[in-house]
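Here is the structure we will look at.
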Amino acid sequence: MSKKDINTNMPFLSIKDLRVEYKSDGQIVHAVNDVSLQLERGKTLGLVGETGAGKTTIAKSILRILPDVGSRIVNGEIHLDGENLLKLPETEMRKIRGNKVSMIFQDPMTALNPVLRVGDQIAEVVRLHSDSNNSAEHEKRAKEMLEIVGIPAERYYAYPHQFSGGMKQRVVIAIALACNPDLLLADEPTTALDVTIQAQVLDLIAELRNKYNTAMLLITHDMGVVAQVCDNVAVIYAGNIIEYGSKEQIFRHPSHPYTIGLFGAIPDMNEDEEWLHPIEGLPPDPTDLPQGCSFAPRCKFVTDACCKESISMYKTEDGHDCRCCRIAAVKKGED
Amino acid sequence: MPKTIEKAKKQSEFVRIIKQMSKNKMAMLGLAILSAEIILAILSPYIIPYDYSHMDMVNTFAKPSFQHPFGCDDMGRDIFSRILYGARYSISIGIIAVGIGTFFGCTIGATAGYFGGQVDNVIMRFLDVIQAIPGMLLMIVISAVLGPGYFNTIIALSIGSISGMARLLRAQMLKERENEYIEAAQSINCSKFRIIVSHLLPNCISPMIVSATMGVAQTITVAAGLSFIGLGVQPPTPEWGAMLSAARQFIRQAPHLVYFPGLAIAVTVLALNLLGDGLRDALDPKLKN
Amino acid sequence: MLKYVGKRLIWMIPIVLGVAILVFVMMTFCPGRPEQIILGATATEAELAAKRLELGLDDPFLIRLGRYMSDVFIHFDLGKSWLTNVDIMSSIWERLPRTLMLTVATLLISVGVGVPLGVIAAIKQNKWQDSLCMVLALVGVAVPNFWLALLLVLQFSVKLEWLPALGIGTGLAGIKYYILPAISGSTGGLANCARQTRSAMLDVIRADYITTARSKGVPERDVIIKHALKNSLIPIITVMGTMFGQFLGGAMIIETIFSIPGMGTYIIGAVNSRDYPIVQGGSIFLAITFSFCMLIVDLLYAMVDPRIKAQYASQKKRRKVKVNA
């Protein structure tokens, strides 16, 4: 990884062995299992995976806003700028939320409070993280943010129900960026939007990110979005990263059978294919994960070794890791 | 073949509800209390230790004791026996009145929902008028017209519960009508009547059952209230509200006369509410928190 | 908004007329002959006939109805009591404030205690605080208010002699006469309020915008009060109108127990003494009061929920909003 950040040896964001569980109806849901990842300032990491793979849980763990009923960070460290977020007291954590780290949510239709003016919802985050008590200043900043995301400032006084989905998402982005965060967690920011609006919103996010040198964790299940925005990609399956590398590496040489399957599920425009190639089977039950590789039950190349013990990450090329024992075997064969 | 599938599905739904209910301890407690009360009420003439109207001047205002568990009233009548016997009045008023009210309410509500347009408009405006009169006041006015007594109280209370039931069913039907399965039924050319009877009504029935259960509880309280102010069942009939009304004047000398009839109402209403909550959770998981 | 209020007021007219007609029709079926009730059992046949003529009781039904309606809605005259010959309208003006005072006090207690209880129960979901609140709510719904009133009188008036058991007082000292009545009338509504608040809060707390608020760094207390509670209030306000009606009805029984000379004692007394013009006039008046309160509740609703407010806005404005969106 690049050594751009010279202030500290640690990368800007570093998650180590994060493990999160939910309790639901007496069963333990293993949502995130020993995830480790790193992110540098100004870079964008794409978290790719199916619904329920634990992507959102990772993001919410960083902000520590997991729903408190039954969810628990069992293990792990999340270092931001050298500080372990999981050890911070709640009051300190509050200063980070919305300020240093902020989040864009998946569904703009429900992410805004319906009984508060949109402008006030932006001004609130400004007020919470500003030293001054001057509400006129906060309002000014909120109006500025509205303009930045492409909404006329006079819509400050409107309520969310008067906005379309795309405009609401712009407001959500305005809230997230109002305090110039160092890290932006974007949880499927375009999934709920029309295709035409998707591109606009993605452009907006990318533009603002470049302008403020914000690091971004982009959660998505859409490879197209990844290609458009990300520097690096982590593929998540059943709460674990199974492949990690730069965008180019992942797109050119997908190594894990699951990643290969993901690309197979995208129709190729250049070839005349009659069928898509879906990945057979379903993701494993998170309350009862298989031993060994969690993808083994769906894998075409499954061997006995896959089902025995947990698989570690193997290096396929510089900066490109893959959690598959086949890689190890192949590597050994090469040596 | 399709018939057996349908049967199996229906049965499993019924079984599911029963299973769901039996897991709910509070609802089972409510059901147990209620069944016990109803059985005791039915058997009361044979099991009460004293005749409910037997006067015994020696025991006037007797405090609760081994012979008279709840004590005796101003005429020396055994309160325990009177409360057990009175359950026949209080509980039956609630159940019968809500039964009648639900029947007419559903008919009116379904008529409004089925015909729509002008019929719906007329019915709803009439219900608007009735609902502009606070419930208790309406009961008082109706009992003023009908006069007091057991049957008149039932009639008054059933008239009172019609409009609520009708509105509920109509609202439920209008809400269900928006669902896509109705459009699906229309698209396969189902008749309007068939859509209502076999698609709409079954989906509207759950809230009606819950509302009726809660309604019995409320009606028992209102009936007791009417008797309490002298417009419902009259003393010396051992209806609980009437007993409270009679006990009121002796509140200084014999407070135990006040305790037990009220407790009987509270326990019955509590049991019905527990049962209603359980039914709601079992019938409509969406409503459960 | 003003236009909406005006529209609602105009809507009230047919409802109130309907209530008046309904009540009038019902009262004609009341047992007993009016002239007999007025003149008593000792009156002679001739006197009775004269009274019938005077009251116009032999006129056709529609004429009698029309006469009553014009008396009520044009001359604002509800007639006189058959037994005491006192003007009913002036009696109502004297008594209505007491009933309203009791009803409003009941409502304030219910909402003021019920909503916080519901909030506590929701944020402490499945902990002991939640269980305690919900048990209290179950008991609150089950206990009949007239029974509770008797128990409170027994404890606080008879035994402890802290509060008066009956009557009314004047000025500030008069408040203490309303304490027991208002408390005993409020339990059912209070419990209902707590349950509604709890379930509304539980719905709202899981909403995405609450997560948004948390992700902004809003302190937990503000998340609950500023973001969650305001949204939870919407379903509570919708039931407040119904609650007001229940309290108004409940107040009638409570008044009888505490001998408060309000509308309840007036109407119930009249039913018992067959003074039907009072029942008739009183009912119409209470129905009008109730309708006004429903209107106020509706306006409150619009104040809390901007989406409803937008619906109330005039047609033109609504179109403009749509275009902007």
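The values are calculated or read from the model by the stated rules, or taken from the named source; none is laboratory data. The shown structure was predicted, so the numbers you read here are calculated from the model rather than taken from an experiment. As a convention, Cβ positions derive from the backbone with ideal geometry for all residues, glycine included, and neighbour counts pool all protein chains shown.
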Collect the residues in the stretch A:66-104 that are within 8 Å of chain C (Cβ to nearest Cβ) and buried (at least 21 other Cβ atoms within 10 Å of the Cβ), keeping them in residue-number order.
A:ILE96, A:ARG97, A:GLY98, A:SER102, A:MET103
Can B:ILE209 be described as in contact (Cβ under 8 Å) with a residue 24 or more places away in the chain, β-branched (Val, Ile, Thr), away from every other protein chain (no Cβ under 14 Å) and touching a helix residue (DSSP H, G or I) at 6+ places or on another chain (Cβ under 7 Å)?
yes
Testing C:GLU47 on (1) touching a Leu at 6+ places or on another chain (Cβ under 7 Å); (2) within 14 Å of chain B (Cβ to nearest Cβ), one condition comes back false. Which one is that?
(2)
Against the condition in a helix (DSSP H, G or I) and surrounded by 20 or more Cβ atoms within 10 Å (Cβ to Cβ), how does B:ILE205 come out, does it pass?
no
First in the stretch A:285-296 and of a type in the set (Phe, Trp, Tyr), second anywhere and modelled with pLDDT of 80 or more, Cβ under 6 Å, 6 or more apart
A:PHE295/A:TYR237; A:PHE295/A:TYR258
Condition first: of a type in the set (Gly, Ala, Ser) and either closer than 30 Å to B:MET214 by Cα or at pLDDT 85 or above (or both). Now tell me which residues in the stretch C:158-190 satisfy that.
C:ALA182, C:SER184, C:GLY185, C:SER186, C:GLY188, C:GLY189
Check the stretch A:314-334 and report whether any residue there is touching a His at 6+ places or on another chain (Cβ under 8 Å), at pLDDT 80 or above, of a type in the set (A, V, I, L, M, F, W, C) and in a loop (DSSP other than H, G, I, E, B).
yes
The condition of being surrounded by 22 or more Cβ atoms within 10 Å (Cβ to Cβ), within 11 Å of chain B (Cβ to nearest Cβ), in contact (Cβ under 8 Å) with a residue 60 or more places away in the chain and in a helix (DSSP H, G or I) holds, among C:ALA251, C:ALA182, only for C:ALA251
Given (1) more than 9 Å from every other protein chain (Cβ to nearest Cβ); (2) buried (at least 24 other Cβ atoms within 10 Å of the Cβ), identify the lone condition not met by C:ASN192.
(2)
Turns out the strands (runs of 3 or more DSSP E) fully within the stretch A:1-97 with at least 3 residues that are among the charged types (D, E, K, R) and either modelled with pLDDT of 85 or more or within 15 Å of the chain's Cα centre (by Cα) (or both) are A:13-24
What's the total number of residues in the stretch B:219-240 that are within 11 Å of chain C (Cβ to nearest Cβ) and not aromatic (Phe, Trp, Tyr)?
11
Answer yes or no: is there a residue in the stretch B:182-198 that is under 30 Å from B:MET55 (Cα atoms) and surrounded by 15 or more Cβ atoms within 10 Å (Cβ to Cβ).
no
Pairs where the first residue, in the stretch C:55-74, is in contact (Cβ under 8 Å) with a residue 12 or more places away in the chain and surrounded by 14 or more Cβ atoms within 10 Å (Cβ to Cβ) and the second is assigned to a helix (DSSP H, G or I) and acidic (Asp, Glu), C-beta under 9 Å, 6+ apart:
C:LEU55/C:GLU35
Return a yes/no flag: does the stretch B:241-262 have any residue that is among the aromatic types (Phe, Trp, Tyr), over 15 Å from the mean Cα position of the chain (by Cα) and facing chain C (nearest Cβ under 9 Å).
yes
Collect the residues in the stretch C:3-30 that are within 12 Å of chain B (Cβ to nearest Cβ) and of a type outside the set (A, V, I, L, M, F, W, C), keeping them in residue-number order.
C:PRO14, C:GLY18, C:THR28
On the basis of being under 30 Å from the mean Cα position of the chain (by Cα) and either in a helix (DSSP H, G or I) or more than 7 Å from chain A (Cβ to nearest Cβ) (or both), does C:ILE210 make the cut?
no
Does C:ARG98 satisfy the condition of being in a helix (DSSP H, G or I), modelled with pLDDT of 85 or more and of a type outside the set (A, V, I, L, M, F, W, C)?
yes
Six or more apart or on different chains, Cβ under 6 Å: which pairs go from a residue in the stretch C:90-105 that's among the polar types (S, T, N, Q) to one that's outside any helix (DSSP H, G or I) and modelled with pLDDT under 90? Could you list them?
C:THR99/C:GLY262
Restricted to the stretch B:118-129 and to residues being touching a helix residue (DSSP H, G or I) at 6+ places or on another chain (Cβ under 6 Å) and surrounded by fewer than 20 Cβ atoms within 10 Å (Cβ to Cβ), the residue nearest to the other protein chains (Cβ to nearest Cβ) is B:ASP128
Assess whether A:ILE151 counts as being surrounded by fewer than 24 Cβ atoms within 10 Å (Cβ to Cβ) and facing chain C (nearest Cβ under 10 Å).
no
Test of understanding: among B:PHE70, B:PHE61, which residue is in contact (Cβ under 8 Å) with a residue 40 or more places away in the chain, over 18 Å from the mean Cα position of the chain (by Cα), surrounded by fewer than 16 Cβ atoms within 10 Å (Cβ to Cβ) and assigned to a loop (DSSP other than H, G, I, E, B)?
B:PHE61
Only one of C:VAL218, C:VAL239, C:VAL223 is more than 12 Å from chain B (Cβ to nearest Cβ), within 28 Å of C:ILE308 (Cβ to Cβ) and not in a helix (DSSP H, G or I); which?
C:VAL218
Breaking point among (1) under 20 Å from the mean Cα position of the chain (by Cα); (2) more than 10 Å from every other protein chain (Cβ to nearest Cβ), for A:ASP107
(2)
Any residue at all in the stretch B:101-111 that is in a helix (DSSP H, G or I), within 14 Å of chain C (Cβ to nearest Cβ) and either touching a helix residue (DSSP H, G or I) at 6+ places or on another chain (Cβ under 7 Å) or on the phi > 0 side of the Ramachandran plot (or both)?
no
Identity of the residue in the stretch C:261-305, facing chain B (nearest Cβ under 10 Å) and polar (S, T, N, Q), that ends up nearest to B:GLY230 (Cα to Cα):
C:ASN272
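For every residue, the table says whether it meets (1) part of a helix (DSSP H, G or I); (2) over 23 Å from B:LEU275 (Cα atoms); (3) of a type outside the set (Ser, Thr, Tyr).
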| residue | (1), (2), (3) |
| --- | --- |
| B:MET214 | yes, no, yes |
| B:ALA217 | yes, no, yes |
| B:SER245 | yes, yes, no |
| B:GLN249 | yes, yes, yes |
Single condition B:SER92 does not satisfy, out of (1) touching a helix residue (DSSP H, G or I) at 6+ places or on another chain (Cβ under 6 Å); (2) surrounded by 15 or more Cβ atoms within 10 Å (Cβ to Cβ):
(1)
Hits in the stretch A:206-224 (condition: part of a helix (DSSP H, G or I) and either out of contact with any helix residue (DSSP H, G or I) (no Cβ under 8 Å at 6 or more places or on another chain) or closer than 20 Å to A:LYS60 by Cβ (or both))
A:GLU207, A:ARG209, A:ASN210, A:LYS211, A:GLY224
